[in-house]
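Worksheet: one structure, shown below.
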Amino acid sequence: MKAKYILIFLCLCLLLSSCSRPRIDARDEESYLRTVQVMKESLSKAKREQLEEALTIIFEGERANIKKMGGTMGEFGTMLLLDEMTADDIISKANSYKKSN
């Protein structure tokens, strides 16, 4: 009986995990670029354009912050900032950058 419940639980976990929206994987540059591409492919054209604009805003904002503060992480630091974010998270973060500037 327990085995039946465990099997049902595992199937539900698998089903739910496959339904999640794509997230950024920033372990390295290759993973980052691959997951951004997968994310873009899963979006409508309008949402894809919003994501591209948001990424530009975030990278430009972080470059300005690095320049002001003398940081050394550069582009990889910005990629790490986006790690595990969804497209909606990234667009929201870009909107907060717009409001602060």
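The table below lists the values:
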read-out	value
Sole residue being closer than 19 Å to residue 21 by Cβ and free of Cβ contacts under 8 Å to residues at least 40 places away in the same chain, chosen from 60, 52	52
Scope the stretch 76-94; condition touching a residue at least 24 places away in the same chain (Cβ under 8 Å), in a helix (DSSP H, G or I) and loosely packed, with under 15 Cβ neighbours inside 10 Å; matching residues	76, 80, 88
Positions within the stretch 56-75 being on the phi > 0 side of the Ramachandran plot and part of a helix (DSSP H, G or I), in sequence order	74
Lone unmet requirement of (1) at pLDDT 85 or above; (2) of a type in the set (A, V, I, L, M); (3) more than 13 Å from the chain's Cα centre (by Cα) for residue 81	(3)
Conditions (1) of a type in the set (Gly, Ala, Ser); (2) surrounded by 14 or more Cβ atoms within 10 Å (Cβ to Cβ); (3) at pLDDT below 85: number failed by residue 26	(3)
Within the stretch 36-57, considering residues that are within 13 Å of residue 90 (Cα to Cα) and of a type outside the set (A, V, I, L, M, F, W, C), the one surrounded by the most Cβ atoms within 10 Å (Cβ to Cβ)	50
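The values are calculated or read from the model by the stated rules, or taken from the named source; none is laboratory data. Keep in mind it's a predicted model, so treat the numbers as computed, not measured. Because the Cβ atoms are built from the backbone with ideal geometry, glycine has one as well, and the counts that use them run over all protein chains shown.
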